[in-house]
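Have a look at the structure below before the remarks.
The values are calculated or read from the model by the stated rules, or taken from the named source; none is laboratory data. If you're wondering where the values come from, they're calculated on a predicted model, not measured in any experiment. A quick note on method: Cβ atoms are made from the backbone with ideal geometry, for glycine too, and the neighbour counts reach across all protein chains shown.
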Amino acid sequence: MRPTLWQTLDQTARRLIPFGLSLLLLLLAIVPMTTPGFLRAGPMITLLCVYYWAVHRPDMMGYLGGFSLGLLEDILMNTPLGVSSLILMLTQMVVLTQYRFFVGRPFLITWWALALVALGAILLKALAIALLSGYVVAPGPLIASYVLTLLLYPILAWVFARTQILLTKEP
Amino acid sequence: MQPNGQLSRFGAMKVALHRLAFVVLVAAAFGLMLLGKADTVLVTRLSHAVTDALAPVLEVMSKPAASVGAVMNNIRELAAIREENARLREENQRLLRWQTLARQLQVENQRLRDLANLVPDPRPRSITGRVVADTGGVFARSLLVTVGARDGARKGQVVVAAEGLVGRLTEVGARSSRVLLLTDINSKIPVVMEESRARAILVGDNSNRPELAFLKAKAGVSPGDRIVTSGVTGAFPPGLPVGVVASVDEGHIRVELFIEEGRLELVRILDYGPDGIIADPGPGAAARAGTD
C-alpha cells in the first residue's frame, strides 16, 4: 500500500523533529544569561543528541543529520569547520555498528557506554583541533567539559524519551 | 517467497546507501577542514550566512532568557539590600572625593594640553549591539552580536563594555558579527601596566584568566596591578581598561578581566572611521609620535 501524501508529510515532519530539537538545544546552550556559569565549561550537547538517537531510534537521525548538526556547531562555536561533523558521524557509526550491544539495554548501561564514547570523542576533537589550528587545549577544561557532558545526559535523555513517545504515537 | 526476496534486496540496498552516505559525508567533513584551513571566501560566506540567519533566532531566545536572569538577580539582590545600601553609601562618599579630585585634574590636564599643543586622540563613534550568543567553551571563546556590516561594523574594530575591553571583531556578516574574546586562545593584545608603564602581551588560552606574556620587568608585578591597552600596534586605542593582575607564580602572571564574559548583554563597537586608530600622518603626527 502506497502512503498518502499526508502520511508522507507526517513522516517527514516526524523525522525532522529530533534534528530540530537538537538544534534548539545547541542554540539554548549558547544564549547568554540562561546558562549558569558552569555551563561555560562547554558540554558537548550535540554529541549527547546524536548519541541518544543513534542508540534509541537510528532511523530518526541519520549521518546527514549528524553532519549538519556538526557543521552548524563549528560555525556557531568558531571551531575549525568539519571537526564536529566528523566526530558526530564517527559517534553514530560506532553506536550503529554495535547495535546488538545497545538494543534493549537499561539506561545505566547506555550511560556507561556514553562515558567511553564521549571520552573518545573529546580526545579526538582536541587532537583534530590541535592538528588544524596548532594549539593544544589544557587538560583541565577538557575534563570539566567531559564530566559536564556525562552529567547532562540523564536530563537530555529524559527530554528525548518524552519526544520519542510523542513521535511514535499514531496520528 | 517473492516479496521476502524483494524485501531483503531492498534492505541490502538501504544498507549500501547508508554506508555510501557515511563515506561521502566523512569525505565532505575532511574537505571542509581543508577549505577552512585555506581560509577561502566560500567558507567565510557560508559561516556569515549561517550566523546571519541564526542571529535573529538567538536574539528572540535571548530576550526571555535575559528577563529570567534579571528576575533571579533581583531576588538575590533583595536578600542583601541592607548591606548593599550601607556599602554603596560609603562608596558614594569615597567617589565624591574622587570626583572633586578628578575635576581639578581635568582642568589642570586641559591647561597642560593647551600649553603643549597636544593633538587630542581621535574620538570614536560607537555602535551598540546586543550579545545574542556566548560561545565560551573549551575550544574557542567568542560572542555573536547583532551588529553587522550594514550598521557600519568592520573586521578588526575594538569592542568594549562599560567595565572595560571585551575583544575585537573577527568576522563581520551583514547582520551579525563575531567578537573574539580576550580569553580565546587566538587572542593576543598589546597591553601596558598602568603604574610602571611596562609593556606586555595579554595572551588568551581558553581559560577564564589570560596570561601576561613578554613582560620584561616581572619583579615589580604584584596582584592588584591594573592593566590597560597600550596602543603600540595601532590595533587598540591606548588606555582602555583590561583587568588586574590576579596571581603571580613562577613567572606565570594571570590577569582577571574587568568584564564578566558570561554576563555581557550589550557591547559597544568603537568606530574610528575609515582611517582606523592611526589617522593619516598630518600636521599633528609629529606631536602625537612624541607623546606615545
Checklist entry - Among the residues of the stretch A:70-83, is there at least one that is modelled with pLDDT under 90 and under 16 Å from A:LEU156 (Cβ atoms)? => result no
Item to check | Checking A:VAL159 against (1) more than 17 Å from A:SER22 (Cα to Cα); (2) more than 14 Å from chain B (Cβ to nearest Cβ), the condition it does not meet | outcome: (1)
Checklist entry - Of everything in the stretch A:31-61 that's in a loop (DSSP other than H, G, I, E, B) and within 7 Å of another protein chain (Cβ to nearest Cβ), which residue is modelled with the highest pLDDT? => result A:VAL31
Checklist entry - Has the stretch A:14-22 got any residue that is at pLDDT 85 or above, small (Gly, Ala, Ser), under 24 Å from B:GLY173 (Cβ atoms) and buried (at least 16 other Cβ atoms within 10 Å of the Cβ)? => result yes
Checklist entry - Which one of these is surrounded by 10 or more Cβ atoms within 10 Å (Cβ to Cβ), acidic (Asp, Glu) and more than 11 Å from chain A (Cβ to nearest Cβ): B:GLU84, B:GLU59? => result B:GLU84
Item to check | Residue tally, condition modelled with pLDDT of 85 or more and in a loop (DSSP other than H, G, I, E, B), over the stretch B:102-138 | outcome: 0
Next on the checklist: Looking for something in a helix (DSSP H, G or I), more than 10 Å from chain A (Cβ to nearest Cβ), among the hydrophobic types (A, V, I, L, M, F, W, C) and under 30 Å from A:GLY62 (Cα atoms) - is there at least one such residue anywhere in the stretch B:44-52?
Outcome noted: no
Next on the checklist: Being part of a helix (DSSP H, G or I), small (Gly, Ala, Ser) and surrounded by 13 or more Cβ atoms within 10 Å (Cβ to Cβ): is that true of B:SER67 here?
Outcome noted: no
Next on the checklist: What are the pairs with Cβ atoms under 7 angstrom where one residue, in the stretch A:129-140, is more than 22 Å from B:ALA38 (Cα to Cα) and facing chain B (nearest Cβ under 8 Å) and the other, located anywhere, is assigned to a loop (DSSP other than H, G, I, E, B) and of a type in the set (Ser, Thr, Tyr)? Sequence gap at least six, or different chains.
Outcome noted: A:ALA138/B:SER207
Checklist entry - Yes or no: A:MET89 surrounded by fewer than 20 Cβ atoms within 10 Å (Cβ to Cβ) and facing chain B (nearest Cβ under 8 Å)? => result no
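Residues are listed down the side, and each one gets a yes or a no for (1) within 18 Å of B:VAL24 (Cβ to Cβ); (2) of a type outside the set (Val, Ile, Thr):
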residue: A:MET61; (1), (2): yes, yes
residue: A:LEU64; (1), (2): yes, yes
residue: A:LEU76; (1), (2): no, yes
residue: A:THR79; (1), (2): no, no
residue: A:SER84; (1), (2): yes, yes
residue: A:GLN92; (1), (2): yes, yes
residue: A:GLN98; (1), (2): no, yes
residue: A:THR110; (1), (2): no, no
residue: A:LEU116; (1), (2): no, yes
Next on the checklist: Here is a check on your reading of the model: is A:PHE67 of a type in the set (Phe, Trp, Tyr), touching a residue at least 12 places away in the same chain (Cβ under 8 Å) and more than 14 Å from chain B (Cβ to nearest Cβ)?
Outcome noted: no
Item to check | Positions within the stretch B:162-187 being in a loop (DSSP other than H, G, I, E, B) and within 12 Å of chain A (Cβ to nearest Cβ), in sequence order | outcome: B:GLY173, B:SER176, B:THR183, B:ASP184, B:ILE185, B:ASN186, B:SER187
Next on the checklist: Need pairs with beta-carbon distance below 9 Å; first residue surrounded by 14 or more Cβ atoms within 10 Å (Cβ to Cβ) and within the stretch B:148-159, second of a type in the set (Phe, Trp, Tyr) and assigned to a loop (DSSP other than H, G, I, E, B); sequence gap 6+ or separate chains.
Outcome noted: B:GLN157/B:TYR272; B:VAL158/B:PHE236; B:VAL158/B:TYR272
